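The values are calculated or read from the model by the stated rules, or taken from the named source; none is laboratory data. Not measured: the values here are computed from a predicted model. Cβ atoms come from the backbone with ideal geometry, glycine included; neighbour counts cover every protein chain shown. Just the protein is used for accessible areas: all its heavy atoms, side chains included, with ligands, DNA and RNA removed. Shrake-Rupley method; radii C 1.70, N 1.55, O 1.52, S 1.80 Å.
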Number of protein chains: 2
Amino acid sequence: MRALCCDGADSARLERGYPEPSPAAGEAVIRPSLAGICNTDLELANGYMGFSGVLGHEFVGIVESCGDSGLVGARVVGEINCPCGSCSLCLSGKGNHCPQRTVLGIMGRDGVFADIFTLPVGNLLVVPDKITDTQAVFTEPLAAAFEIINQVRIGPGDKVATLGDGKLGLLVGQVISLTGCDLVAVGRHPEKLEILAQRGITTALDRDMVSMRSSFDVVVDATGSAKGFALAVELARPCGTIVLKTTTANPAGLDSNRIVIDELTVIGSRCGPFDKALDALENRLVDVEPMVSEIFHFDYGVEAMKRASEGATLKVLMDFN
Amino acid sequence: MRALCCDGADSARLERGYPEPSPAAGEAVIRPSLAGICNTDLELANGYMGFSGVLGHEFVGIVESCGDSGLVGARVVGEINCPCGSCSLCLSGKGNHCPQRTVLGIMGRDGVFADIFTLPVGNLLVVPDKITDTQAVFTEPLAAAFEIINQVRIGPGDKVATLGDGKLGLLVGQVISLTGCDLVAVGRHPEKLEILAQRGITTALDRDMVSMRSSFDVVVDATGSAKGFALAVELARPCGTIVLKTTTANPAGLDSNRIVIDELTVIGSRCGPFDKALDALENRLVDVEPMVSEIFHFDYGVEAMKRASEGATLKVLMDFN
């Protein structure tokens, strides 16, 4: 089958004779319809975490086969962490942090940039009819944005800044705005911020934030760059909270002295609740379609990855049909 | 008067003709009896924060003069942050983070290593008779240790590690042990850890902690070194909490990826409640006297600073009588 792979050293390549996966017990075989390229995919292709195998974890697809015959033919999205189910973390509801877990297209498990892939049936969620494929493919990163408000209580009266106007930053800005807080979404690209402004969200360019130093209760860094954390520290008030939303192949060296002196709380935030993301998509609480920069046919997956890595690009999708 | 000074570039020096301070409105003039040397003093003398002036912020002393005549002759300790009292942070009870604040012997205000110094009357707390001078001089760092349990709920059933067996680490270990949690106090010096073991606290050497990776709900880093944070990340469970207790002249570059992937919470912790520290000293809930390595007469202040900087040393005090 076709598969877009990396080997942890070189950039991504499209293989045409990649072996088809055999589903383990409890796994479904899924044929992706649309898949999204995440910055993590670009970083994995550049050697981050030493991943080797099929890339990709954002998808909407059709179940081709599985033990639970009721799901065959269903249109699904899927949670990307595959926990062992029996360790103490799994039993305490923290399966996303299971030390034995594999992660779809990220750690120990081939991803979705292929003609077919496998995932445990328990990871799958059926996509409501009202949600288009183009919307559904945003479920995974949107769930990650919802994780922030799972972790930090944000509501009316709270002064919040989101940093970053990339793919994840725009989702984070939209989700945080649902809380009714006093939000400024900060970025570097007026044309990207315009997607948020269209939804009535206050936006600002990062260079214009100097006058707002030490004034935010919560700052969410979704920039994927070390400079983002430095700006977050500038903007957070003493005893404020900084949410770190993005990993990077060149991790930030956080200034521990500022954290201590200002008694800041820094919270790492990763994968989130798929059900809340699907609910938000179904009820049009967020607007993801303006974020699609381009759709490539999967045969041009290498070109799609290249396009996704260009600065002006937002979400690049791959069509498998 | 005599004053132990630094100029932000060179090491500390004892001046004999330093000008006596004039108290501002609302300030008391205090004559220190005993003063403690903190690692921050050593770092300031080495250029940290560019401080220039009289060092020192840990003291017990006698009020020589003040507007409130009832305090003259009283034996006092004092909070080190001097906030403006009128900004939004001060009005919200966060005066320790007032952006206009001065900090005794640390920022914009001469410290206590002098024959006399000044401090606002509102910063002073009278020391109960049951507390000796040697105990009282630990009030400031002990309050900093209490700040941790002001910020993070720790109690029975929580698995906690404290890292560091220096001056602050030993106070932190004792305070955390009061919560009834399942505590391991980790260090590198068996003879220092013995002070905690004498109080029934479980101790361990850091090199023996490998088998306890990812198992602690809360890890407090009071090592004052970048390696401490790295060990804290190793020991904290996913979704666990790390408390950063120490600043350093060479701040740690924290690995932001591990914070994100493990969804850790990192909390900076600085100054704390003096009343709780005095209460703990009065009721013998902590044992500080075994931590005194040596007492120098103030005339030998430069030698005292040198002694305090030696690895095997715990608290070095200076006697002003």
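Across region A:302-320, the number of residues qualifying as under 18 Å from A:Ala12 (Cα atoms), in a loop (DSSP other than H, G, I, E, B) and open to solvent by 70 Å² or more (accessible area, probe 1.4 Å) comes to 2.
Here is a yes/no grid of residues against (1) in contact with a Leu (Cβ under 6 Å, 6 or more places away or on another chain); (2) over 21 Å from B:Ile62 (Cβ atoms):
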| site | (1), (2) |
| --- | --- |
| B:Leu4 | yes, no |
| B:Ser11 | no, yes |
| B:Gly17 | no, yes |
| B:Ser22 | no, no |
| B:Val29 | no, no |
| B:Ser33 | no, no |
| B:Gly36 | yes, no |
| B:Asp41 | yes, yes |
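Take the conditions of a type in the set (Ser, Thr, Tyr) and in the same structural domain as B:Ile62 (by TED's automatic domain parsing) and apply them to B:Thr223. Does it pass? It is false that B:Thr223 is of a type in the set (Ser, Thr, Tyr) and in the same structural domain as B:Ile62 (by TED's automatic domain parsing).
Can you work out which of the residues in region B:283-296 that are open to solvent by less than 60 Å² (accessible area, probe 1.4 Å) and of a type outside the set (S, T, N, Q) is nearest to B:Arg75 (Cα to Cα)? So, considering only residues that are open to solvent by less than 60 Å² (accessible area, probe 1.4 Å) and of a type outside the set (S, T, N, Q), the one nearest to B:Arg75 (Cα to Cα) is B:Val288.
Check A:Ile62, A:Ile80 and return the single one that is buried (at least 22 other Cβ atoms within 10 Å of the Cβ) and of a type outside the set (Lys, Arg).
On the way: A:Ile62 fails: buried (at least 22 other Cβ atoms within 10 Å of the Cβ).
One residue alone meets the criteria, A:Ile80.
Would you confirm, using the coordinates I've provided, whether A:Asn321 is without any contact (Cβ under 8 Å) to a residue 24 or more places away in the chain and either more than 30 Å from A:Glu194 (Cβ to Cβ) or within 9 Å of another protein chain (Cβ to nearest Cβ) (or both)? For A:Asn321, the condition - without any contact (Cβ under 8 Å) to a residue 24 or more places away in the chain and either more than 30 Å from A:Glu194 (Cβ to Cβ) or within 9 Å of another protein chain (Cβ to nearest Cβ) (or both) - is not met. Of the residues that sit in region A:240-259 and are of a type in the set (D, E, K, R) and farther than 19 Å from A:Gly173 by Cβ, which one is nearest to the other protein chains (Cβ to nearest Cβ)? Only one residue fits best here, namely A:Asp255. The set of residues in region A:188-208 that are under 24 Å from A:Thr313 (Cβ atoms) and in contact with a strand residue (DSSP E or B) (Cβ under 6 Å, 6 or more places away or on another chain) comprises A:Leu193, A:Leu196, A:Ala197, A:Ile201, A:Thr203, A:Ala204, A:Asp206.
A:Leu119 meets the stated requirement of being assigned by TED's automatic domain parsing to the domain that holds A:Asp41, surrounded by 19 or more Cβ atoms within 10 Å (Cβ to Cβ) and at negative phi. The residues listed here are B:Asp287, B:Asp275; of these, the one that is more than 14 Å from chain A (Cβ to nearest Cβ), of a type in the set (D, E, K, R) and assigned to a loop (DSSP other than H, G, I, E, B) is B:Asp287. Taking the criterion of being closer than 23 Å to A:Asn321 by Cα and open to solvent by less than 70 Å² (accessible area, probe 1.4 Å), the residues of region A:1-16 that qualify are A:Met1, A:Arg2, A:Ala3, A:Leu4, A:Cys5, A:Cys6, A:Ala12, A:Leu14, A:Glu15.
Restricting to region A:188-223, and then to whatever is touching an Asp or Glu at 6+ places or on another chain (Cβ under 7 Å) and under 29 Å from B:Lys94 (Cα atoms), can you tell me which residue is most open to solvent (accessible area, probe 1.4 Å)? Among those that are touching an Asp or Glu at 6+ places or on another chain (Cβ under 7 Å) and under 29 Å from B:Lys94 (Cα atoms), it is A:Arg213.
The residues in region B:122-140 that are closer than 21 Å to B:Asn96 by Cα and open to solvent by 10 Å² or more (accessible area, probe 1.4 Å) can be counted, and the count is 6. Report whether or not B:Gly111 is over 30 Å from B:Leu14 (Cβ atoms), of a type in the set (Gly, Ala, Ser) and touching a residue at least 12 places away in the same chain (Cβ under 8 Å). Considered against the rule, which asks whether it is over 30 Å from B:Leu14 (Cβ atoms), of a type in the set (Gly, Ala, Ser) and touching a residue at least 12 places away in the same chain (Cβ under 8 Å), B:Gly111 comes out as no. The conditions of being in contact with a His (Cβ under 6 Å, 6 or more places away or on another chain), modelled with pLDDT of 95 or more and over 17 Å from A:Arg284 (Cβ atoms) are met by A:Asp165.
What do you reckon, is A:Val266 of a type in the set (Val, Ile, Thr), assigned to a strand (DSSP E or B) and in contact (Cβ under 8 Å) with a residue 40 or more places away in the chain?
Against the criterion (of a type in the set (Val, Ile, Thr), assigned to a strand (DSSP E or B) and in contact (Cβ under 8 Å) with a residue 40 or more places away in the chain), A:Val266 does not qualify.
Restricting A:Asp299, A:Asp262 to residues that are open to solvent by less than 60 Å² (accessible area, probe 1.4 Å) and within 14 Å of chain B (Cβ to nearest Cβ) narrows the list to A:Asp262. Just checking, does region B:233-244 include any residue being within 22 Å of B:Gly311 (Cβ to Cβ), polar (S, T, N, Q) and outside any helix (DSSP H, G or I)? Within region B:233-244 (the criterion being within 22 Å of B:Gly311 (Cβ to Cβ), polar (S, T, N, Q) and outside any helix (DSSP H, G or I)), the answer is no, since none of the residues qualifies.
Cβ-Cβ contacts under 7 Å between residues 6 or more apart (or on different chains), taken from a first residue in region B:64-77 that is under 12 Å from B:Glu27 (Cα atoms) to a second residue that is open to solvent by 70 Å² or more (accessible area, probe 1.4 Å) and in a strand (DSSP E or B), are listed as B:Glu64/B:Arg31. Among the residues examined, B:Ile148 does not qualify as among the aliphatic types (A, V, I, L, M) and away from every other protein chain (no Cβ under 14 Å). The listed residues are B:Gly164, B:Gly180, and the only one of them that is surrounded by fewer than 24 Cβ atoms within 10 Å (Cβ to Cβ), out of contact with any Lys or Arg (no Cβ under 7 Å at 6 or more places or on another chain) and on the phi > 0 side of the Ramachandran plot turns out to be B:Gly180.
Modelled with pLDDT of 95 or more and more than 29 Å from B:Leu183 (Cβ to Cβ): does that describe B:Ala74?
So B:Ala74 fits the description; yes.
Name the single residue, out of those in region A:227-239 being over 17 Å from A:Gly173 (Cα atoms) and at the interface with another protein chain (Cβ under 10 Å from one of its Cβ atoms), that is surrounded by the most Cβ atoms within 10 Å (Cβ to Cβ). If we take residues in region A:227-239 being over 17 Å from A:Gly173 (Cα atoms) and at the interface with another protein chain (Cβ under 10 Å from one of its Cβ atoms), then A:Arg237 is surrounded by the most Cβ atoms within 10 Å (Cβ to Cβ).
Filter the strands (runs of 3 or more DSSP E) completely within region B:8-97 down to those with at least 3 residues that are away from chain A (no Cβ under 14 Å), under 23 Å from the mean Cα position of the chain (by Cα) and more than 23 Å from B:Thr246 (Cα to Cα). I'd like the intermediate steps shown before the answer.
Values: elements: B:13-15, B:27-36, B:58-65, B:75-78.
Strands (runs of 3 or more DSSP E) meeting the threshold: B:27-36, B:58-65.
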